[in-house]
1. Mind checking which residues of the range 93-104 are in contact with a strand residue (DSSP E or B) (Cβ under 7 Å, 6 or more places away or on another chain) and not hydrophobic (A, V, I, L, M, F, W, C)?
2. Checking the structure you have, find out if any residue of the range 76-86 is surrounded by fewer than 23 Cβ atoms within 10 Å (Cβ to Cβ) and free of Cβ contacts under 8 Å to residues at least 40 places away in the same chain.
3. When you scan the range 150-165, how many residues do you find that are surrounded by 14 or more Cβ atoms within 10 Å (Cβ to Cβ) and either without any contact (Cβ under 8 Å) to a residue 12 or more places away in the chain or charged (D, E, K, R) (or both)?
4. For the range 47-64, what are the residues that are part of a loop (DSSP other than H, G, I, E, B) and buried (at least 23 other Cβ atoms within 10 Å of the Cβ)?
5. Within the range 54-69, which residues are free of Cβ contacts under 8 Å to residues at least 40 places away in the same chain and in contact with a strand residue (DSSP E or B) (Cβ under 7 Å, 6 or more places away or on another chain)?
6. Checking the conditions here, which among K97, K128, K143 is closer than 15 Å to P47 by Cα, under 16 Å from the mean Cα position of the chain (by Cα) and not aliphatic (A, V, I, L, M)?
Amino acid sequence: MKRAFLPLLLLTLTACNKNAGIEGLQTFTYAAGDHRSGSLVYAENPPAGGAHNPLWQNCGVYDGQLYKEYAVHSMEHGAVWITYRPGLDAAGLAQLKTLVDGRPYTLLSPYEGLDTPVAASAWGAQLKVDKPDDARLKAFLDKYEQGPTTPERGASCTGGYSNVR
């Protein structure tokens, strides 16, 4: 009789593990709350956590580069930061804007020096893709916007810094 329950158990565990298998996903471990002033150096490009400015970046769509130190603080609050190489064509940019439309905990901005055309970063997680219409971007957003790695889930994504570099 114990064997009859095994398939049900596996099915249940698989259903609870939604989006766990995002191909190309990289994860990192960072302690939260490390507030510092000035320009900081990060292990990932773009960053996926770590020390950051005491002020956060207001969530939204930007057409200029953001200060990494403010954006990282927003990720600590549960934001996903979608970055793209400057010069992305209008159609690709429109796809990314549609992807983040209506999502209150997202940042979208160009980012100089990306090694792939598009990157999605959250606190402790990152996904790099070649095309703005890659379905894994939505899966990443669904999992990590206010997701399980967020140290300060529900903290504000407004009332902070709103300028670009």
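Each reported figure results from applying straightforward, stated rules to the coordinates on display, with no laboratory input. Just so it is clear, the structure is predicted and the values come from calculations on it, not from any experiment. Don't worry about glycine lacking a Cβ; one is built from the backbone with ideal geometry, like all the others, and counts go over all protein chains shown.
1. Answer for the range 93-104, where residues must be in contact with a strand residue (DSSP E or B) (Cβ under 7 Å, 6 or more places away or on another chain) and not hydrophobic (A, V, I, L, M, F, W, C): just K97.
2. Among the residues of the range 76-86, at least one is surrounded by fewer than 23 Cβ atoms within 10 Å (Cβ to Cβ) and free of Cβ contacts under 8 Å to residues at least 40 places away in the same chain, which makes the answer yes.
3. 2
4. P47, A48, G49, G50, W56, C59
5. P54, E69
6. Going through K97, K128, K143 in turn, just one is closer than 15 Å to P47 by Cα, under 16 Å from the mean Cα position of the chain (by Cα) and not aliphatic (A, V, I, L, M): K128.
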